[in-house]
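S.K.: Pasting a structure here, questions to come.
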Amino acid sequence: MPIISIKDVSKLYGFGDATTVALDEVSIDVEAGEFVAVMGPSGSGKSTLMNIIGLLDRPTHGEYMLSNRYVSKLRSNQRAKMRRDKIGFVFQSFNLLPKLTVLDNVALPLMYRGVSTVKRLQRAEDVLERVGLKERQYFMPKALSGGQVQRAAIARALVGDPQIIIADEPTGNLDSAASLIVMELLSELHRTGNTIIMVTHNPEITRYADRVVYMHDGCIVHDQRTPVGEVPALAKKAMYVYPRKTEEDDLAGVSAMMEFRPEKSAIKKRKNKVRSKKRSSTKTKRSSNA
Amino acid sequence: MRSGNFKVAYKTIRESRWQSSLTMFGIVVGIVSVVTIVSLGQGIKRQIIGEIKSVGSDLITVRAGKGIKRDANGNIQKINPDFVYGFGSGTLNDRDVAIVEGSAGVKDATPIRLLNGSAIANGREYVDGFVLGTNPSLPNLVQQKVEYGSYFTTGETSRQVAVIGKTVAEQLFQENVPLGQVVTIRGEDYIVRGVFEKFTGNPLGQGIDLNQAIFVPAPTLKEVAGTAAPVVRVLARPQNPNDAARLASQISAAIQESHGGQDDTTVLLQSENLQVTSSVLDKLTGFIAAIAAISLVVGGIGIMNIMLVSVSERTREIGVRKAVGATNRQIRNQFMAEAIVLSVLGGVIGIAASFVVNFVIKVTTDVAPVITWPIVLIAAFVSVSVGIIFGTIPAIKGARKDPIEALRIGN
């Protein structure tokens, strides 16, 4: 039985002519203990999917079953409680509360479960030890390096023994050395049986995952199991196939866009290529269903 | 709401000390002004009641005009606030005075005739005061001592002599003991033969400062001024102090009969005088306190404002807290706790500051404000309510934030 079972889930924003389809009848099952990397360009619906899996958002249509419970119609308070008990978040921008110590930050999810102060601080300390930050527990987050902050954030995600850890570009704001440490930590969590769903732009770090999912225009266009330690060829390719906006693009401004223009037709071609891939993938799914 | 919320709230407030203290200042000012005004009112009331009591509870006052309404048992039902201040206009005449004086059981009685106008002495004109015509029994009736000289006696009732209040001595004669000097009223000369001790009470009614009065024999004043000096009060004291109530109603009935059955005078016992005065003072204090309470509302709006700022500043924090599983209610309680801690701290500081202000007033002026426990309790209650009332909207606003939107802000 999969721990996450999503069936034909759509998410629409706006209404009438201005309706945007963020997710277009997406279906995916995730088994317990899987490490899923989700890739795709900006606006492909990765974050929306993560928000729905993480119970921060509700699908417009479709069914979502989280550990054998239908959760797509839950009210916000019920979702908050499910989130508290079953899901741990790791964000790109860390999102530790700057005015609390590392220890208090890590203990925060337990506070909302009503765990007593002594118990939750003990538990937080244990988890901090596990991520190697025990001696930094009384520091304020701003006194730590980016990698340490992200490890503390992982400790916060772990403190409530969640069934799923959702990591939204956990290495996006880190240099490569810190990324390595954070990814090794996630990988270790995976080895000890945690279910991890991670969004990433960096094909290199998909080597830690045992399943890679590609999204485009609100659809899952490819879903591939890979041995841990290997970067699937498509992951590398994906970064060049899908148009991607980075900080450099922003900085380069208009001139970069002008440069980009002549290639418009090329992009179209690539898009068509992707569409045909998508069709083939849905075909294979249908046949497997049958 | 758990105690942890309040601890966190206190910590958060300490972290933005400037903002928080300015916010609290609004509440502090509100609490101080309300508590001080109410305690001043209480103090003044206590003082006035003391003064009224000092005259003696068996004094019967007959007033011109109708200012109160009694029920069937003779208890006061309704009071006309205007009636408490000043002399009122005259509906009393010599016959009424005779009725009071002639009533069985009356020991002493005196009419009070009032003549408004200026007095001249040594070429100086005195316009703040007034002239009262009385019988020699006045000092006894209002239990006031003559400090220098003596009050006129029964043998002097038609002579042109005067006893003056302390303010008159100081302002008209500009000396403490102007005995034997001459004061001119309406072209007639009066010889000053006595100066009263300072009057602390107002036995004739609120707003009448007897220290500004020139007392002359009633018959003399009637002769000189005629109808310009009407009878505004008749004071009487019974032989037996316990007989006062019966005597008062007897006098009231007799005067009503003499006025052709029309009930156009008011006969008050001193205890009723007390009731009339304190009811008016209570109304006045309440009115001013209500105005001061506006500052509490302003303080509350200050709290609301700071909480709204705090909620929007901490949108990201709300997002994070929601992501790790905080329910709307938990977020709301956190912000409510903050607002309550702010206003309760403001309230506590305000109450402490009120005691300081109270002390300063007591030391620097001759008014003694009285802080009573009900005022303190009300102030405490009000400060908590302000926190709850003005913290609710920002807290709900914060709690309703969408976690996804909240996390996106500042990214």
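S.K.: Which members of segment B:334-355 meet the condition of being surrounded by fewer than 21 Cβ atoms within 10 Å (Cβ to Cβ) and not β-branched (Val, Ile, Thr)?
M.R.: Across segment B:334-355, the qualifying residues are B:Leu345, B:Ala352, B:Ala353, B:Phe355.
S.K.: Which of the residues belonging to segment B:140-165 are buried (at least 19 other Cβ atoms within 10 Å of the Cβ) and closer than 30 Å to B:Pro241 by Cα?
M.R.: Residues satisfying the conditions are B:Leu141, B:Val142, B:Gln144, B:Tyr151, B:Phe152, B:Val163, B:Ile164, B:Gly165.
S.K.: In segment B:139-191, what residues are in contact (Cβ under 8 Å) with a residue 24 or more places away in the chain and charged (D, E, K, R)?
M.R.: B:Lys145, B:Glu147, B:Glu156, B:Arg159, B:Lys166, B:Arg186, B:Glu188, B:Asp189 - these are the residues of segment B:139-191 that are in contact (Cβ under 8 Å) with a residue 24 or more places away in the chain and charged (D, E, K, R).
S.K.: Among the residues of segment A:140-171, which ones are among the small types (Gly, Ala, Ser) and either without any contact (Cβ under 8 Å) to a residue 12 or more places away in the chain or buried (at least 20 other Cβ atoms within 10 Å of the Cβ) (or both)?
M.R.: A:Ala143, A:Ala152, A:Ala153, A:Ala155, A:Ala157, A:Gly160, A:Ala167
S.K.: Let me ask something else. What residue, among those in segment A:72-102 that are crowded, with 22+ Cβ neighbours inside 10 Å and farther than 21 Å from B:Ile331 by Cβ, is farthest from the other protein chains (Cβ to nearest Cβ)?
M.R.: That would be A:Val102.
S.K.: With the condition kept exactly as written, say whether any residue in segment A:26-42 is within 27 Å of A:Gly146 (Cβ to Cβ), among the aromatic types (Phe, Trp, Tyr), part of a loop (DSSP other than H, G, I, E, B) and in contact (Cβ under 8 Å) with a residue 60 or more places away in the chain.
M.R.: No, that holds for no residue.
S.K.: To continue, here is another question. If you scan segment A:45-60, which residues turn out to be facing another protein chain (nearest Cβ under 10 Å), touching a residue at least 12 places away in the same chain (Cβ under 8 Å) and of a type in the set (S, T, N, Q)?
M.R.: Hits for segment A:45-60 are A:Ser47, A:Thr48.
S.K.: Consider A:Ala22 carefully, then state whether it is in a strand (DSSP E or B) and within 12 Å of another protein chain (Cβ to nearest Cβ).
M.R.: The answer is yes for A:Ala22.
S.K.: Return yes when B:Gly41 is in contact (Cβ under 8 Å) with a residue 60 or more places away in the chain and assigned to a helix (DSSP H, G or I) and no when it is not.
M.R.: Judged against the criteria, B:Gly41 is a match.
S.K.: What pairs come out if I take residues in segment B:357-374 that are of a type outside the set (Val, Ile, Thr) and pair them with residues that are part of a loop (DSSP other than H, G, I, E, B) whose C-beta lies under 7 Å away, six or more apart or interchain?
M.R.: Close Cβ pairs (under 7 Å, with a partner that is part of a loop (DSSP other than H, G, I, E, B)) amount to B:Asn358/B:Pro369; B:Asn358/B:Ile371; B:Lys362/B:Ala368; B:Lys362/B:Pro369.
S.K.: Turning to a different aspect of this structure: If a residue counts only when it is of a type in the set (Ser, Thr, Tyr), away from every other protein chain (no Cβ under 12 Å) and in contact with a Ser or Thr (Cβ under 6 Å, 6 or more places away or on another chain), which helices (runs of 4 or more DSSP H) contained entirely in segment B:308-403 have at least 1 such residues?
M.R.: Ranges flagged: B:328-364, B:373-399.
Bear in mind these aren't lab numbers, they're just calculated from the coordinates by the rules spelled out. All figures in this text were calculated on a predicted structure; none of them were measured in a lab. All Cβ positions, even for glycine, are placed from backbone atoms using ideal geometry, and neighbour counts span all protein chains on display.
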